[in-house]
Amino acid sequence: MYKFEGNINNIFIISSKSIFFILTQTEEGTFNTMEYNFADIEGRAKEKWAKEKVYKVSNESNKEKFYILDMFPYPSGAGLHVGHPLGYIASDIYARYKRLKGYNVLHPMGFDAFGLPAEQYALETGQHPAVTTEKNIKRYREQLDHIGFCYDWDRQVQTSDPKYYKWTQWIFLQLFNSWYDRTENKTKPINVLIDFFIKEGNKNHPCPDNDLLLFDDTTWANYTEKEKRDTLMQYRIAYQGYAEVWWCQNLGTVLANDEVVNGVSERGGFPVEKKNMRQWFLRITEYAERLLNSLDKLEWSEAMKEMQRNWIGKSNGMEIKFQIAFNNETEFDENIQIENLDNNNIEKKIVTKNTPEIKVFTTRPDTIMGVDFMVLAPEHELLAAITTNEHKSDLNDYIQYVKSRSERERISDVKQITGCFTGNYVIHPLTHKKIPVWVSEYVLAGYGTGAIMGVPCGDDRDHAFAKFFKIPITNIFGIKYTGEKAYSEKTGTINNSGILDGMSIQEAGIAAMKALSKVGQKKTNYKLRDAGFSRQRYWGEPFPIIYHDGIPYGIDEIAEIIPQNNKSETDFSLPVELPMVKQYKPGPDGQGPLANITDWVNTDYGTRETNTMPGYAGSSWYFLRYMDPNNSHVFADRKATDYWQQVDLYVGGTEHAVGHLLYSRMWTKALYDLGHIGFEEPFKKLLNQGMIQGKSFFTDSFYAFEEETNEKVLFLISHGRAINFEKPFVWNDKKYKKSPGSNEFRLRNAHFFVDAKGRLTKTSFKDLILFEGAKESEVDYLLNLVIWNGKTEDDEWYILCNSEIEKMSKSKHNVVTPDDIVNDFGADTFRMYEMFLGPIEMSKPWDTKGIEGVHRFLKKFWRQFFDEQKGWVINNEAPTNEELRVLHKTIKKNW
RNA sequence: GCCCCGAUGGCGGAAUUGGUAGACGCGCCAGACUCAAAAUCUGGUAUUCGCAAGGAUGUGCAGGUUCGAUUCCUGUUCGGGGCACCA
């Protein structure tokens, strides 16, 4: 028994790369062993932290603030694996470092608790998502506590908690009640816009949804309530529009992209198709320029900024109108109704002779004389109207085909060229030649105008299209274009182009814009699309929206328009709580499960919106809630947000590069514009940790038939050796004949059992199949189906495995959890090993075997202070000059 | 397909500004201690030729810039992440 009288509180090991914190933060105490007893040390520390709330953070402090945040996890049923804590450990070390440097450090943790997997699990097992989510969070919390983080758990947020999503809904209403003033580049309350409409109509504030919409003050005054609200809807930041979703008839539900695999539903393998549905959107496109420009101010990696830039996808070009060339008058039906991919929901538009033109967007007006055809997106609104009768049935077949294709497939299958001729033509604005109009899946409705001018000699995709459909190609690049491959570089001169002849590409661009000024205009286009904000699901935030006379109102407005004398029994205040249900089956017509709960849907003053919000709703603003997590009057007190400001360091994976990070940035800007917070970028500095990958093991396997019984048996064999069994063979006194071919066989969880040389011995194989749930009685039978490769030094049979590095995930059965590591080696060893694996930003495979070295290091380190013979060897004497010299040399060397 | 990132011994990686490639750790080999084992300590360990001294080769591949390239440039291959409803 040794008495510890030292007063060391924090021991740091400082190296040039990382700072490791040793949990040894302890008061006077005794250690009952001279060995490095991590369980004892860490146990005491954690007890003390919890008891004394050591890491409680106050918003009242004279210290300088520092906000360090991890991307909060989705609490999945699989629990944390060793990959998750990598970033958490790094940020934890930095948080402790900053705290010791004298900062008031906000370092919270919470849970992104709404999501599809919980609902999916509920569908399969009948367990309510709230129950499983609670269970998972408890487990995550235990796991996190094991690792010894310095979070202030009193600030934990959970997106599925009504106290939290009350404010998610409140922010949604702010966005619903706002519009974007382009003249000032600012989000403003919708009332400001209404005032403009009353005074002058919309002449100074063109409609973002429809640039043709124009009305004056009198027209506005004469609009019905519905017309007014419909018009305002086209301006709101949170608005309703139409979008396509994957629809699965057999399951009667809408599927996420994730749930559609190889063109069929993941569950059940049923056919799926695109369906157009009324949806909520966030008008993020209005913020495109600001989102792009303020990237420059952020301390993010260039790669990450580049990804956001590409996602926003700004391109300068020109929008050009092409007249439709009707073959004869009868082919243009004055009253034809537009039929699109889905005609149920689309507002019917009438095409008349007053709108007989098609707009295209191009970044290369210099190539205008090389236009040989035009391609429309299959969703293009004029498509049905311009297609000649002769081509109608081909077109319908083609559109049917496109419905089954994902957007990804449509743009990435460059080898497979598909399309359909409409039979119609447009007139080239300069040459007045007839240009054939085609339709093809590679043109997307959501980008530009949903139509392109095909310039085969200058664009690879157009070139392939022209070659495939044998459309004659005009060469405007002279010898630069060989006839084999499009010339897409931006150097050289333009030929064969009339007035543009002999000009450089740049000069021709300017000249062409001038020549086309009557039929076109300069235009900046963004690839960024408005963000779909509806999900036909149960486990998400309900919308605080009520339909009254078919018009959507925010529940804050409903409360106002209810006549005073008409006392409503419905509670029209926030939050709109997610009702408890027993069933998670989809509602009718692709609606979410909420549509089935008629009691909830029908209120005294209209029906509720039955969609729920998407996963990113809660995560778009959670960093604000940590600042003032228990406030029931406001999402976070202005004093708190003014004190903590931006997140100084945000740590998380690159997989969120565009989704979450972009949406958060937009919400922050909107809240800033509306005066709710004092800063307009959420995350000042961003650190992307790499992924820790898992190692999966495989053997070969093949089927063979026993000669007498014709019984089909699966054999496992060392990797690459199946080929040796092409001839009939004898195994355990029975004759077998191998069926042709062999397959890779995934050995689930074999990473726990395979030796360093990739061998799985008979003993460890037995352990593996028992671990995987085999019964003792089956073991011998199963072991008999393994064709051993040879014997180890210890005279044991083994089979040779092949390994692959892949994502660590439950579905791949290669997960290593931190719990086992922490139990065996302690949190300090685990933390240090994770930091020791390599650069934080890089992906690297997990290998439990390497952990021994780090553990030995900590043991050695412990012995520096605790001698076997003398016991505790530190004291409070002043260091000698020699000792100081060594200390400072070491610091200098390592820092 | 497009965008971003990466590739160095048996393994994770180091070399941060273009200047001795392989720090540190794992694994492996040998030795010390021990009746023995564990733990601990010491030494060796890129490949290849050589008894040795020593030589040659070597940072995915092919080129280029440079007195000099793991580092900069071009092309290419492979792996990872994202591509708008997984989170």
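The values are calculated or read from the model by the stated rules, or taken from the named source; none is laboratory data. Keep in mind the model is a prediction, meaning the values are calculated, not measured. Backbone-built Cβ (ideal geometry, glycine too); neighbour counts: all protein chains shown. Heavy atoms of the whole protein, side chains included, go into the accessibility calculation; ligands, DNA and RNA do not. Shrake-Rupley method; radii C 1.70, N 1.55, O 1.52, S 1.80 Å.
Here are a few things to note about the model shown:
- Filtered residues of segment A:129-184 (kept if in a loop (DSSP other than H, G, I, E, B), open to solvent by 10 Å² or more (accessible area, probe 1.4 Å) and of a type in the set (Val, Ile, Thr)): A:Thr183
- A:Gly102 falls short of the stated requirement of being surrounded by 22 or more Cβ atoms within 10 Å (Cβ to Cβ), touching a residue at least 24 places away in the same chain (Cβ under 8 Å) and among the small types (Gly, Ala, Ser).
- For A:Trp539, the conditions (1) out of contact with any strand residue (DSSP E or B) (no Cβ under 7 Å at 6 or more places or on another chain); (2) open to solvent by 10 Å² or more (accessible area, probe 1.4 Å); (3) in the same structural domain as A:Ile417 (by TED's automatic domain parsing) are fulfilled apart from (3).
- Given (1) touching a residue at least 60 places away in the same chain (Cβ under 8 Å); (2) part of a helix (DSSP H, G or I); (3) among the β-branched types (Val, Ile, Thr), index of the condition A:Val854 fails: (1)
- Condition check for A:Asp195: modelled with pLDDT of 95 or more, more than 28 Å from A:Ser664 (Cβ to Cβ) and open to solvent by 70 Å² or more (accessible area, probe 1.4 Å): yes
- Checking segment A:268-289 against the condition returns a match, with at least one residue being assigned to a strand (DSSP E or B), open to solvent by 60 Å² or more (accessible area, probe 1.4 Å) and more than 25 Å from A:Tyr547 (Cβ to Cβ).
- Qualifying residue in segment A:638-650 (condition: open to solvent by 30 Å² or more (accessible area, probe 1.4 Å), hydrophobic (A, V, I, L, M, F, W, C) and away from RNA strand B (no atom under 16 Å from the Cβ)): no
- Here A:Tyr781 fits the description: open to solvent by 30 Å² or more (accessible area, probe 1.4 Å) and either not in a strand (DSSP E or B) or not polar (S, T, N, Q) (or both).
- All helices (runs of 4 or more DSSP H) inside segment A:589-686 with 2 or more residues being polar (S, T, N, Q): A:659-673
- Filter result (touching a strand residue (DSSP E or B) at 6+ places or on another chain (Cβ under 9 Å) and open to solvent by 20 Å² or more (accessible area, probe 1.4 Å)) within segment A:674-696: A:Leu674, A:Lys684, A:Lys685, A:Leu687, A:Gln689, A:Met691, A:Gln693, A:Lys695
- Some residue of segment A:468-485 being without any contact (Cβ under 8 Å) to a residue 60 or more places away in the chain, within 15 Å of RNA strand B (Cβ to nearest atom) and more than 21 Å from A:Val402 (Cα to Cα): yes
- Applying the set (1) open to solvent by less than 70 Å² (accessible area, probe 1.4 Å); (2) among the acidic types (Asp, Glu); (3) within 14 Å of RNA strand B (Cβ to nearest atom) to A:Asp230 leaves exactly one unmet item: (3).
- Within segment A:411-449, the residues that satisfy the criterion of being open to solvent by less than 30 Å² (accessible area, probe 1.4 Å) and in contact with a Pro (Cβ under 9 Å, 6 or more places away or on another chain) are A:Cys420, A:Thr422, A:Gly423, A:Asn424, A:Val426, A:Val439, A:Ser440, A:Glu441, A:Val443.
- Of all the listed residues (A:Lys166, A:Lys138), the sole one being over 20 Å from A:Glu541 (Cα atoms) and either in contact with a Ser or Thr (Cβ under 8 Å, 6 or more places away or on another chain) or among the basic types (Lys, Arg) (or both) is A:Lys138.
- Selection status of A:Pro586, open to solvent by less than 30 Å² (accessible area, probe 1.4 Å) and within 34 Å of the chain's Cα centre (by Cα): no
- A:Asp867 within 14 Å of RNA strand B (Cβ to nearest atom) and either modelled with pLDDT under 75 or of a type outside the set (Asp, Glu) (or both): yes
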